[in-house]
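Colleague: Sharing a structure below in structure tokens format, with a few things to ask.
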Ligand SMILES: [Zn+2]
């Protein structure tokens, strides 16, 4: 017998806006939203709290298989759930590189056994993450919606052109990594104008990149892009991430891009490393469990509403992945997050649940605390009352 759950008393926030209403769940879906009373089996009282669609991260590193001393699927997904994420897109730069349908399916099976987050396992666009020999994109597109060479920039124009054409034929989304950023983003936008295709520009960092994106959108080109918490918060720092942290002016421009809709998505690029690997200069930051606290603090400080955050962290990623999720509407998947938007926390690296604690942001103020993360109608994370995050 399936149960009906009533979530009462919360402020509902999604890309449609804010309203106070009850919400009912059944069979892993949103049954109804609104004042009409339904019979229910259990009630979760959420007075004073906000209820949003759970977050979807288009860019995560779980390091599984092969690099699990940095993170594994379970530790990464537990960190994601703590951060309010119900769905992560794991990058393919594992050992071995995820470049066959069998490897994608092995990770999907592992995720369904874990019953933590939903998983999109990205596959490599080129064998060995190189811009030389294409992977079997037709076969891969049957098991994943996302192709990416992740940290390896696609320098070959011909490789990129064919990848865009294949994304049209097979329907997958291409997530790019662009260094040098401005040059490669401009090249990709020119190619997109010629070929069409499904382009998603990964983790932009520079205000001039944002300008190129604004111009291309104004000319009617259709594509999406994302920004990370560290590129919105961090600047003038030698802490190693790719692309690097830029200037205060860049962070301000990127926040303006969030406000005006030029930037489509909030992604984390959660990139866990061991202390030894980090000491040897590997680029990356562990951030998925506190990403919301950074995003919401910066949005609040800059007068950007929570509904816009929800659009960028839930609705738009859901649309790009073809999911029936990301809004609080009847019939949508019951992937939800309950937050206390007023709770102030401080990031303490030693308390992080990710296997990796690499971050330069220890001691930073965080705004908003995730109290529950609900996936497929099940509470898979509940805040345990600790003082930290
Ligand atoms: Zn990455």
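Colleague: Stick to the Cα atoms of the range 188-346, pair each with every other, and give me the Kirkwood hydrodynamic radius in Å at one decimal. Kindly include the intermediate steps, with their values, before the conclusion.
Modeller: Values: mean 1/r = 0.0591 Å⁻¹.
About 16.9 Å, per the Kirkwood formula over Cα pairs.
Colleague: Where is the GNM fluctuation largest for the chain (alpha-carbon springs, 10 angstrom cutoff): 333, 250, 277?
Modeller: Judging by the Gaussian network model, the answer is 277.
Colleague: Any chance you could get the radius of gyration and Dmax over the Cα atoms of the range 198-285, in Å?
Modeller: For the range 198-285, the Cα-based Rg and Dmax read 13.9, 47 Å.
Colleague: In addition: How would you order 65-71, 81-87, 115-121 from highest to lowest mean count of nearby Cβ atoms within 10 Å?
Modeller: My ranking of the peptides, most packed first, is 81-87, 115-121, 65-71.
Colleague: Could you order the peptides 123-134, 194-205 from most to least packed, using the average number of other C-beta atoms within 10 Å per residue?
Modeller: Per-residue Cβ counts within 10 Å, averaged per peptide and sorted highest first, yield 194-205, 123-134.
Colleague: Subtract the Cα-Cα distance of residue 208 and residue 169 from 0.36 nm times their separation in residues, and report this length gain in nm to one decimal.
Modeller: Values: separation 39, 0.36 × 39 = 14.04 nm, distance 3.13 nm.
Contour length minus the Cα-Cα distance gives 10.9 nm.
Colleague: Just to be sure I follow: if Rg is taken over the C-alpha atoms of the range 48-115 and Rh is the Kirkwood radius over the same atoms, what is Rg/Rh? Provide the component values of the computation, followed by the final result.
Modeller: Values: Rg = 13.0 Å, Rh = 12.7 Å.
Result for the range 48-115 is an Rg/Rh of 1.03.
Colleague: When 1/r is averaged over all different Cα pairs and the result inverted, which Kirkwood radius in Å belongs to the chain?
Modeller: Averaging 1/r across every pair of different Cα atoms and inverting gives 20.9 Å.
Colleague: A further question on this structure: Quick one: among 90, 279, 216, which has the greatest mean-square fluctuation in a GNM of the chain with alpha-carbon springs under 10 angstrom?
Modeller: Residue with maximal mean-square fluctuation among 90, 279, 216: 279.
Colleague: Per residue of the chain, what 222 nm ellipticity follows from adding -39500 (n - 2.57) for every DSSP H run with n ≥ 4, rounded to the nearest 500?
Modeller: After summing the helix terms and dividing by residue count, I get -8500 deg cm²/dmol.
Colleague: While we're looking at this one, here's another question. Show me 293-305, 315-327, 9-21 ranked by packing, highest mean number of other Cβ atoms within 10 Å first.
Modeller: On the way: 293-305: 18.7, 315-327: 20.3, 9-21: 17.2.
With the highest mean Cβ count within 10 Å placed first, the list reads 315-327, 293-305, 9-21.
Colleague: Give me Rg over Rh for the range 321-389, both radii from the alpha carbons and Rh done the Kirkwood way, two decimal places.
Modeller: My calculation of the ratio gives 1.05.
Colleague: Another question, if that's okay. Report the residue, chosen from 310, 356, 32, that carries the largest GNM mean-square fluctuation when the chain is represented by alpha-carbon nodes joined by springs under 10 Å.
Modeller: Greatest mean-square fluctuation among the candidates belongs to 32.
Colleague: Let me ask something else. Where the centre of each part is set by its Cα atoms, how far does the range 82-130 sit from the range 293-364, in angstrom?
Modeller: 21 Å
Colleague: Given q = 0.15, 0.19, 0.21, 0.23 Å⁻¹, what are the Debye log10 I(q)/I(0) values for the range 1-68, with equal point scatterers placed on the Cα positions and solvent ignored?
Modeller: These q points yield log10 I(q)/I(0) values of -0.58, -0.76, -0.87, -0.99.
Colleague: Translational diffusion coefficient of the range 1-156 at 25 °C, 0.890 mPa s, Stokes-Einstein with Kirkwood Rh over Cα pairs, in µm²/s as a whole number. Please report the intermediate quantities before stating the final value.
Modeller: Details: Rh = 17.7 Å.
Estimated diffusion coefficient is 138 µm²/s.
Since every read-out is calculated from the coordinates, none of them should be taken as a lab result. No experiment lies behind these values; they were computed from the predicted model shown. Neighbour counts are summed over all protein chains in view; Cβ atoms, including those assigned to glycine, are modelled from backbone coordinates with ideal geometry.
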